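The structure appears right after this line, and notes come after that.
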Amino acid sequence: MKIGIVGCAGRMGRMLSTTVLETVGAKLAGGTERQGNPSIGEDLGTLVGSQRLGVPVGDDPSALFAATDAVIDFTTPAATIAHAQLARESGTALVVGTTGLSDADMAVLAEAGNRTAVVHAGNMSLGVNLLVGLVKLVAGALGPDYDIEVVEMHHKHKIDAPSGTALMFGKAAAAGRDINHEAVALMSREGETGARPEGAIGYAALRGGDVIGEHSVIFAGPGECIELTHKATDRALFAKGAVHATLWTEGRAPGLYTMRNVLGLD
Ligand code: NAD
């Protein structure tokens, strides 16, 4: 399968390129970067610390979509929606790990999903996607006496909060309770907040150092606390999940899929 990486010089872009190079059945067919990025014109193989590929980093995503079977996108929301439009036009499969997407951005992904296979997940790890199911189950079993708080920590370069994974957990908890997430989500607290609103799902985001990603969902009830925690210790985990999802799109009917679909958990 010919795979292209948009944002190939980013933290995840480099990891994804390396993972594609190491994956049997996958061919690293090209990569793009944002116009003006110093890596443009550099050899994609040497950029990611591997052998020369003879494929220079480009800045024309439409050429990349035309030349590949699937594209992996871990960039920014603005770049991702432009790439989703190219996926819709070209029919090239698209795997998106970008977080911080709005409902309007997700609608653009869904439109691309009418034409081709699109996978989107705020977290591509098996562990997190298993835990999403567990959070839903626990939230449903415990009921409203147990206050739900989602706490996450990431490296200091992360540009959005709360993390896409934290939101996946919060939404799973709301689904387990059969309530509307937007109506109960409490994204931050400051000053005289008053008592905790009944039924809220609270979020707290910590930033610092080079933490790859840590998440806890806390169920604080009368006389006890239950905590479900996931800690990522290697960014390659997400890249392996994304490349697995990309191979999974081969021959797949058009649609907007999640990582839980890819892993057969839904
Ligand atoms: P990063 O800033 O290191 O990399 C993003 C790259 O995208 C940069 O190199 C940037 O130049 C490039 N880019 C921006 N606009 C572009 C455009 N129009 N065309 C081509 N390239 C463009 O960030 P990162 O740490 O690699 O994270 C990227 C995204 O992936 C974030 O949204 C992050 O939250 C998300 N992420 C998701 C998962 C997951 O499992 N789903 C895991 C880790 C990170």
Point to revise | Global geometry of the range 56-122, whether rounded, prolate or oblate, following the gyration tensor of its Cα atoms and the 1.5 cut on a/c | key: oblate
Study note, to complete from the structure: Relative contact order of the range 92-232 (C-alpha contacts under 8 Å, at least 6 apart) in percent is 29
**Study point:** Isotropically averaged projected area of the range 1-87, using the convex hull of Cα atoms (one quarter of hull area), nm²
**Key:** 4.9
Check your understanding: Mean separation of Cα pairs under 8 Å and 6+ residues apart, divided by the residue count of the chain: what relative contact order is that in percent?
Key -> 20
Exercise for review: Could you pull out the trypsin sites (Lys or Arg not before Pro) across the range 106-176 that fall in loop regions by DSSP (anything but H, G, I, E, B) with no more than 10 other Cβ atoms inside 10 Å?
Suggested key: 156
Exercise for review: Return the single residue from 104, 173, 29 with maximal mean-square fluctuation; model: Gaussian network over the chain, springs between Cα atoms under 10 Å.
Suggested key: 104
Review point. What is the range 175-266's relative contact order, in percent, from Cα pairs under 8 angstrom and six or more apart in sequence?
Key: 16
Check your understanding: Going through the range 126-191, which GluC sites (Glu not before Pro) have at most 14 other Cβ atoms within 10 Å and a DSSP loop state?
Key -> 190
Revision key, fill the gap. DSSP beta bridges in the chain: the antiparallel percent, rounded to 5, is 35
Practice item. Please go through the range 176-252 and write out the trypsin sites (Lys or Arg not before Pro) that DSSP classes as loop and that have at most 13 other C-beta atoms within 10 Å. Key: 189
Practice item. Kindly provide log₁₀ I(q)/I(0) values, in the same order as q = 0.21 Å⁻¹, from the Debye equation applied to equal alpha-carbon scatterers of the range 93-214. Key: -1.30
**Study point:** Footprinting exposure proxy for 244, 157 (fewest neighbouring C-beta atoms within 10 Å first)
**Key:** 157, 244
Check your understanding: How many angstrom separate the Cα center of the range 167-209 from the Cα center of the range 66-127?
Key -> 27
Revision key, fill the gap. Applied in sequence order to the range 226-234, the curve 6.51 cos²θ - 1.76 cosθ + 1.60 (Karplus, θ = phi - 60°) yields integer Hz couplings, x standing for Gly and Pro, of 10, 10, 10, 10, 10, 10, 8, 10, 8
Check your understanding: Taking the chain as the region of interest, what is the percent of Cα-Cα pairs per 10 angstrom bin, listed from the shortest bin to the one with the maximum distance?
Key -> 7, 29, 33, 20, 9, 2, 0
Review point. Ordered by residue, what ³J(HN,Hα) values in Hz, to whole numbers, does the range 35-43 give under the Karplus form 6.51 cos²θ - 1.76 cosθ + 1.60, where θ = phi - 60° and Gly and Pro are x?
Key: 3, x, 5, x, 7, 4, x, 6, 5
Review point. Could you give the angle, 0 to 90 degrees to the nearest 10, between helix 11-22's Cα long axis and the longest principal axis of the Cα atoms of the chain?
Key: 60
**Study point:** Cross-link pairs beyond the 27 Å C-alpha cut-off, checked among 171/240; 2/231; 136/156; 171/231; 27/171
**Key:** 2/231; 136/156; 27/171
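Here, each number is a calculation from the coordinates, and none is a lab measurement. All of these numbers come straight from a predicted model, not from anything done at the bench. Note: ideal-geometry Cβ built from the backbone for every residue, glycine included; neighbour counts use all protein chains shown.
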